[in-house]
Amino acid sequence: MPGIKTFLACAALLPMMVAAGASSHEEVAHSSAMEAVDFDPAGYRIARYRGPIDRAPTPATRISLERALRLKPGENALFIDVLPAEGGVRDPITGHWQLADSHLTIPGALWHPETGRGHPEAALWLGLRTTVAEARKQSPAIPVVLFCRTDCWMGWNAARRLSRDGFGNVHWLAEGIEGWHDAGKPLVPAAPAVVPAN
């Protein structure tokens, strides 16, 4: 049987074990609270867009970088960049953008700025939907690949939203612009889509 010294040693450790358990419980509670702030009730990311992504954009699917690299954006696939136009301003009447900085993207991709936010502006989202619908008139089975940067929830948001809007064959490229470039592929200057007021 354990002696009195063993008993006392265990008793001394008990407060630390309880504190560690409480700390762990607090961390879980804090994590849950942060998730409630970061996501809206529909499950779209609405804050802190840059960070590791731990879930699929269901009902859209993640496309592997290897498979994406075998596609030809603008030919046999519709690639849509949803990265914001940081510092840019869009004329709400004409739909033209005044950019603060240039932006490089995947060759053949279309740039629909700001459409990856948790609550995109209605006119901008309609512009993206219209782009996809027009492409599907020409090629009903064309895959749609949405992306932004590596570890960016905006591409995830846009893929999920488009798929939930009833479009099939919608994919999210998690590696985004950096992943494409790191695979040895070039990037080209992008011009934002012109989306005038409805």
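The values are calculated or read from the model by the stated rules, or taken from the named source; none is laboratory data. Everything numeric here is computed off the predicted structure, so don't read it as measured data. We place every Cβ from the backbone using ideal geometry, glycine too, and count neighbours over all the protein chains shown. These area figures cover heavy atoms from the full protein model, side chains too; ligands, DNA and RNA do not enter into them. Shrake-Rupley method; radii C 1.70, N 1.55, O 1.52, S 1.80 Å.
Sorting D91, D54 by accessible area puts them as D54, D91; the probe is 1.4 Å, largest comes first, and only protein heavy atoms count. Counting heavy atoms of the protein chains alone, W172 has an accessible area of about 10 Å² for a 1.4 Å probe.
Using a probe of 1.4 angstrom, how much of the accessible area of region 47-103 is carbon and sulfur, in percent?
Working: 1790 of 3440 Å².
Exposed carbon and sulfur together represent 52 percent of the surface.
Viscosity 1.306 mPa s, temperature 10 °C: what is the translational diffusion coefficient of region 62-198 from Stokes-Einstein with a Kirkwood Rh over Cα pairs, rounded to a whole number of µm²/s?
Working: Rh = 14.8 Å.
So the translational diffusion coefficient is about 107 µm²/s.
Ordered from largest to smallest accessible area (heavy atoms of protein chains, 1.4 Å probe), the residues L71, L124 come out as L71, L124. Within region 101-178, the proportion of Cα pairs with more than 14 Å between them is 61 percent. Each Lys or Arg adds one and each Asp or Glu subtracts one; over the other residues with Cβ under 13 Å from the Cβ of L99, this totals -3.
Computing Rg and the Kirkwood Rh from the Cα coordinates of region 81-136 gives a ratio, Rg/Rh, of 0.95. Relative contact order of region 115-198, taken over Cα pairs closer than 8 Å and 6 or more residues apart, is 31 percent. Other residues lying with their Cβ under 9 Å from the Cβ of I177 contribute a combined charge of -2, Lys and Arg counting +1, Asp and Glu -1. Rg and Dmax, both from the Cα atoms of region 62-103 and both in Å, are 14.7, 40.
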